[in-house]
């Protein structure tokens, strides 16, 4: 907490989307940032529409944990366990309790940064614009264009690849129309206007993401991370000049891409963009990792989740080096290791996605990283366990989130 200082944006990573300790540690840090440093909201690698309902829940009347679990069952796009789990339920219950004695402007928020829920955001948008004929007409144009694909974004992407579809003009027109409704410089945007605009932005960038996903992993990755960084900036601007944000995303999104092999392929990420936007002194990035344990993941896209054994980290990797030093948990501050010449060279750093096969780890689960530059701090947990998913969630028959990157 002392090292975070007066940073405006704190990014908390994770080495997988299915490890209990990554969620509980991030929750503990988030609570202290809100209590001790006045952070205003947590923004997660989740969908805008689903997460905004969580935001409304925590700002509403006092609810018990049963109501919170029922709320999180709405995260029913595969991989459901990312946000539909009991670790998140515990945090959401705490946030709701924390807000009870606060005025509306003082209440902390919970938002989703991601780009996948194109159809859902279009549905969520309609009540906000029903009294505006121009916006309604533009939105109906988007709905009509996407209608043949039955909420299947990858079906749309394939149609684009085959030159039989393109909804770019419709989503761009909607975004232009809704931006024209923005109040003047002296007037403050209402929350309803902000939410409507954000749903239109998800439609705009979601269309761009799926249109490029079938032809370029790099371009679609960059569209997604630029969208998440743009959404973060919009949230900070909306909450005011002194607002502060906690961000929860995978290490591959928060750990500065310039100090990994992502840079050589032209990929950027949220951590890199945040440092550029707000200045390195105003951003604090925390990476997470472990030597071994268990994790919730799936064997292939769309498969049922399962608990998978995570083997000891590969020889010479960052995680193996830390385990070899001593098989204990550690908090490492980058300022203390920046002069270490060995660590200022790329070293393999484990990244586990929602699809995971431990037998194939050596083929792509280790990201070459200059660790003291990629993060400002690193939390190492020698042995971790799988998180606790909400088992009652019924998966919607839609394309999975996180495709194709998995993180």
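The values are calculated or read from the model by the stated rules, or taken from the named source; none is laboratory data. What you see is a predicted model, and the numbers here were worked out from it, not measured in a lab. Positions of Cβ are backbone-derived with ideal geometry, glycine not excepted, and every protein chain shown enters the neighbour counts.
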Exercise. Which ones in region 88-116 are surrounded by 19 or more Cβ atoms within 10 Å (Cβ to Cβ) and more than 20 Å from residue 191 (Cα to Cα)?
Worked result: 88, 89, 91, 92, 93, 116
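Is it the case that residue 295 is touching a residue at least 60 places away in the same chain (Cβ under 8 Å), more than 22 Å from the chain's Cα centre (by Cα) and either surrounded by fewer than 21 Cβ atoms within 10 Å (Cβ to Cβ) or more than 21 Å from residue 6 (Cβ to Cβ) (or both)? Step through it out loud before you land on a result.
Values: touching a residue at least 60 places away in the same chain (Cβ under 8 Å): yes; more than 22 Å from the chain's Cα centre (by Cα): no; either surrounded by fewer than 21 Cβ atoms within 10 Å (Cβ to Cβ) or more than 21 Å from residue 6 (Cβ to Cβ) (or both): yes.
It is false that residue 295 is touching a residue at least 60 places away in the same chain (Cβ under 8 Å), more than 22 Å from the chain's Cα centre (by Cα) and either surrounded by fewer than 21 Cβ atoms within 10 Å (Cβ to Cβ) or more than 21 Å from residue 6 (Cβ to Cβ) (or both).
On the given criteria, is residue 130 assigned by TED's automatic domain parsing to the domain that holds residue 202 and exposed (fewer than 15 other Cβ atoms within 10 Å of the Cβ)? Break it down into steps so the answer makes sense when it comes.
Values: assigned by TED's automatic domain parsing to the domain that holds residue 202: yes; exposed (fewer than 15 other Cβ atoms within 10 Å of the Cβ): yes.
So residue 130 passes the test.
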Seminar exercise, completed: Those helices (runs of 4 or more DSSP H) completely within region 205-287 that have 3 or more residues that are surrounded by fewer than 24 Cβ atoms within 10 Å (Cβ to Cβ) are 217-239, 270-278
Problem set entry | Filter result for residue 313 (within 28 Å of residue 115 (Cβ to Cβ) and touching a strand residue (DSSP E or B) at 6+ places or on another chain (Cβ under 9 Å)) | no
For this session: Go through (1) more than 23 Å from residue 241 (Cα to Cα); (2) at pLDDT 95 or above; (3) touching a strand residue (DSSP E or B) at 6+ places or on another chain (Cβ under 9 Å) one by one and return the number of the condition residue 62 breaks.
Result: (3)
For this session: Tell me, please, whether a residue that is in the same structural domain as residue 330 (by TED's automatic domain parsing), over 26 Å from residue 360 (Cβ atoms) and modelled with pLDDT of 95 or more can be found in region 291-301.
Result: no
For this session: Kindly indicate whether residue 332 is assigned to a strand (DSSP E or B) and either within 23 Å of residue 256 (Cβ to Cβ) or at pLDDT below 95 (or both).
Result: yes
Seminar exercise, completed: Here the residues within region 359-391 that are within 16 Å of residue 294 (Cα to Cα) and surrounded by 14 or more Cβ atoms within 10 Å (Cβ to Cβ) are 361, 365, 380, 381, 382, 383, 384, 385, 386, 387, 388, 389
Exercise. Does residue 60 fit the bill of being closer than 30 Å to residue 203 by Cα and either free of Cβ contacts under 8 Å to residues at least 24 places away in the same chain or in a loop (DSSP other than H, G, I, E, B) (or both)?
Worked result: yes
For this session: Consider only pairs whose beta carbons are under 7 Å apart and that are at least six residues apart or on different chains; among these, list those whose first residue lies in region 314-332 and is on the phi < 0 side of the Ramachandran plot and whose second residue is part of a loop (DSSP other than H, G, I, E, B).
Result: 319/313; 320/313; 320/314; 323/313
For this session: Taking residue 2 as meeting all but one of (1) surrounded by fewer than 16 Cβ atoms within 10 Å (Cβ to Cβ); (2) modelled with pLDDT under 95; (3) farther than 30 Å from residue 277 by Cβ, write down the number of the exception.
Result: (3)
